[in-house]
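The values are calculated or read from the model by the stated rules, or taken from the named source; none is laboratory data. Quick caveat, the model's predicted, so the values are computed rather than measured. Note that each Cβ is placed from the backbone with ideal geometry, even for glycine, and that neighbours are counted across all protein chains shown. What goes into the accessible areas is simple: the full protein's heavy atoms, side chains included, and nothing from ligands, DNA or RNA. Shrake-Rupley method; radii C 1.70, N 1.55, O 1.52, S 1.80 Å.
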Amino acid sequence: MAKVKYYYDTETCRYEKVKASKADIAFNILGLLVVSAVLAVGFATFYTQMFPSKEVAQLKEEKQELLTKYTVLNKEISQATDMLSHLQQRDNKLYRSMFEVEPIPMEMRKGGTGGAEKYKHLLDDNLVNETLIVNTHEKLDNLKKQMYIQTKSYDELMKLAQNKNDMMASIPAIQPLSKKDQTSFASGFGMRTHPIYKVRKMHAGCDLSARTGTAVHATGDGVVIKADWSSGYGRLVEVDHGYGYITRYAHLSAFDCKKGQKIKRGQLLGKVGSTGLSVAPHLHYEVRYNGKPVNPINYFFNDLSPTEYQQLVELSSHDGQSLGGGSDEEDHNHIK
């Protein structure tokens, strides 16, 4: 029963009952309703958390199961990515180097997939864990792209492997002169004093001394693309071996091949001479890979023992005069 409140009226000197206004009554009722609602929500929440319904419990279980599966999936994707990265490195550093082909740049292997906008259609305003879903799709797309590039690389290597015998027969691998016919290794690859101009110039090959008429042999299979006079080179034979390799045989006294002829390693190309810019009978021999001159002694491995090769390396590193200026291509424009 509600308590009756009184107040003392100083005019009448009596205690009078406090009469509540309608506003006070309404406010009290509203406050009671609010408190009741808050308590009801609190009790309902507490009850739901402590005693969830069968449907809610099932949804929580499914959510936890999905999160677990996502975690396992991301772990497996990371492991597959690490394994693929290992294969990519072996591909670039081992397999492709074995076949002397350029490695695939890592930025090409690991190109982007377009960012989160690409996966906008997967997202929903009410979808939770959006970041997890987008990241997983990005990882999968990157993995699939890298796997595709790797399979293409293996296709290329497979073709190279099938042509390995042809490639090994084509790459320059012997000396152009027989060791018994060669009198000396006159000059090596690098900066040398020009025999005519007496200035230091790049010598793009090596000079092998021999008597005039000594047989000159092809150092690998290929096609003769030049057998003609070539200014400073004199009589010159040029052979395209494929796979980026071209060899030159200069200062010849005679030709034993013609342009367009297919030749085999060891086949006779011409005779040693002293034509063009030359001060003594010798063979100027060049190896060019992808258009750039490289040291020919690195391609004598079929004819030399390790000891002989080391001696040749030391000899070729000595600064001396070349016997011919055939490798100085600018001279070709001045002397016929």
- prompt: Looking at segment 208-273, what strands (runs of 3 or more DSSP E) fall wholly within it and have at least 2 residues that are buried (at least 19 other Cβ atoms within 10 Å of the Cβ), within 36 Å of the chain's Cα centre (by Cα) and free of Cβ contacts under 8 Å to residues at least 40 places away in the same chain?
  reply: 235-242
query: Which one of D125, D155 is out of contact with any Lys or Arg (no Cβ under 6 Å at 6 or more places or on another chain), at pLDDT 80 or above, open to solvent by 80 Å² or more (accessible area, probe 1.4 Å) and not aliphatic (A, V, I, L, M)?
result: D155
message: Any residue that is modelled with pLDDT of 70 or more, open to solvent by less than 60 Å² (accessible area, probe 1.4 Å) and of a type in the set (D, E, K, R) - is there at least one of those in segment 159-179?
response: no
field: Count - residues of segment 274-299 that are surrounded by fewer than 20 Cβ atoms within 10 Å (Cβ to Cβ), of a type in the set (G, A, S) and assigned to a strand (DSSP E or B)
entry: 0
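For every residue, the table says whether it meets (1) at pLDDT below 70; (2) aliphatic (A, V, I, L, M); (3) over 60 Å from the mean Cα position of the chain (by Cα); (4) open to solvent by less than 70 Å² (accessible area, probe 1.4 Å).
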residue	(1), (2), (3), (4)
V4	yes, yes, yes, no
Y7	yes, no, yes, no
E11	no, no, yes, no
D24	no, no, yes, no
I29	no, yes, yes, no
F43	no, no, yes, no
A57	no, yes, no, yes
E65	no, no, no, no
